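Colleague: Please see the structure below; I have some questions.
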Ligand SMILES: Nc1ncnc2c1ncn2[C@@H]1O[C@H](COP(=O)(O)OP(=O)(O)O)[C@@H](O)[C@H]1O
Ligand SMILES: [Mg+2]
């Protein structure tokens, strides 16, 4: 569980996040949703320590991240896996070498064990057959799966994904969502996903934190989204035709 308390982030005189209070739950797919520019990436960067909050607390299972020194933060980061916007693989390394990279950097295991672990993760994301390929030789969806394999190779307690479906077609996005959700439940990871993909919201939104212009506007799960009276949330969710239709059908049924 990650608790965020009274988190404010300003850059010089511009405040981007205003007094955010939220909890990201263990073993669940926690989503941060909001329009482009609302503050999702800045919030995630505060969580993982790439930005220092201007004010507030971040507690990792009770451990106060902000007050940790550099070394303690580095240790905490080994409990975190990250999938950034774009797959961010190393072009000059094969898929297998990419997934092994965190182990090569941080683990004392011998080469065979590191290969075995990386291959287990590649098998989990159904990509073992591409282990010797280079990123440029595989599709965007496969690159994303390789990035997910790399993110979980050190058995993270916490998994951060910033717009994992950006640039992917809807079908591939669904595969990625199901993969992230499956990993989360299988390993009991506290997973946090930034998204503005409404298919993801309705598909895997177990705990959804809605950010509007830097303020936490709403929190709930995917079932509560459908019934919400929050007009800002409805504007975001039902901006897509499909979900407007779903809502209309629900309202029709309510009348009957
Ligand atoms: N390093 C930075 N310095 C100043 N402003 C920033 C910085 N990073 C992001 N911002 C601003 O913070 C706001 C939120 O950005 P961001 O978190 O990237 O939005 P989102 O991820 O929801 O699309 C934007 O107005 C953006 O311009
Ligand atoms: Mg962003």
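A short reminder: the numbers here are calculations on the coordinates, not readings from a lab. The structure presented is a predicted model; accordingly, all values stated were derived computationally and were not measured. Quick reminder, even Gly has a Cβ in these numbers, built from the backbone with ideal geometry, and neighbours come from all protein chains shown.
Colleague: How much length is gained on full extension from residue 232 to residue 128, taking 0.36 nm per residue of separation minus their Cα-Cα distance?
Modeller: Value of the extension gain: 33.1 nm.
Colleague: Where the Cα atoms of the chain are projected onto their three principal axes, how long is each span, largest first, in whole Å?
Modeller: 63, 42, 31
Colleague: Using only the alpha-carbon atoms, how far is helix 140-152 inclined from the longest principal axis of the chain? Give it as 0 to 90 degrees, nearest 10.
Modeller: 70
Colleague: For labels at residue 91 and residue 35 in the simple 7 Å Cα→Cβ model, what's the distance in nm?
Modeller: The answer from the label model is 3.5 nm.
Colleague: Report the far tail of the P(r) of region 157-249, meaning the percent of Cα-Cα pairs longer than 18 Å.
Modeller: Roughly 47 percent, rounded to a whole number.
Colleague: Angle check, please: helix 111-124 long axis (alpha carbons) against the longest principal axis of the chain (alpha carbons), in degrees 0 to 90, nearest 10.
Modeller: 30
Colleague: Given a cut-off of under 8 Å on Cα pairs at least six residues apart, what relative contact order in percent is computed for the chain?
Modeller: Across the chain, relative contact order equals 27 percent.
Colleague: Find how many whole Å separate the alpha carbon centroid of region 183-217 from the alpha carbon centroid of region 220-237.
Modeller: 13
Colleague: Determine the calculated [θ] at 222 nm for the chain from helices alone, applying -39500 (n - 2.57) to every DSSP H run no shorter than 4 residues and normalising by the residue count; nearest 500 deg cm²/dmol.
Modeller: Helices in the chain give a 222 nm mean residue ellipticity of -12500 deg cm²/dmol.
Colleague: Region 1-46 to region 72-127: how many Å between their Cα centroids?
Modeller: Taking the Cα centre of each part, region 1-46 and region 72-127 sit 26 Å apart.
Colleague: Oh, and also: Defining a contact as two alpha carbons under 8 Å apart and six or more residues distant in sequence, what relative contact order in percent does region 93-155 show?
Modeller: Worked out over region 93-155, it gives 50 percent.
Colleague: Related question: When only Cα pairs under 8 Å and 6 or more residues apart are kept, what is the percent relative contact order across region 1-51?
Modeller: 29
Colleague: By how many degrees, between 0 and 90 and to the nearest 10, does the Cα long axis of helix 241-255 differ from the longest principal axis of the chain?
Modeller: Between the helix axis and the principal axis of the chain, the angle is about 50 degrees.
Colleague: Same structure again: Gaussian network model of the chain, Cα springs within a sub-10 Å range: biggest mean-square fluctuation belongs to which of 221, 126, 108?
Modeller: The residue with the greatest mean-square fluctuation here is 108.
Colleague: Turning to a different aspect of this structure: After finding the eigenvalues of the alpha carbon gyration tensor for region 102-190, what semi-axes result from the square roots of 5 times each, listed largest first in whole Å?
Modeller: Value: 22, 17, 11 Å, ordered largest first.
Colleague: Hey, another quick one. Restricting things to alpha carbons, tell me how big region 29-161 is in terms of Rg and Dmax, in Å.
Modeller: 16.1, 47
Colleague: Could you grab the Rg to Rh ratio for region 1-89? Cα atoms only, Kirkwood for Rh.
Modeller: Radius of gyration relative to Kirkwood radius: 0.94.
Colleague: Can you give the direction-averaged projected area of the convex hull of the alpha-carbon atoms in region 76-147, in nm²?
Modeller: For region 76-147, averaging the hull's shadow over all directions gives 4.9 nm².
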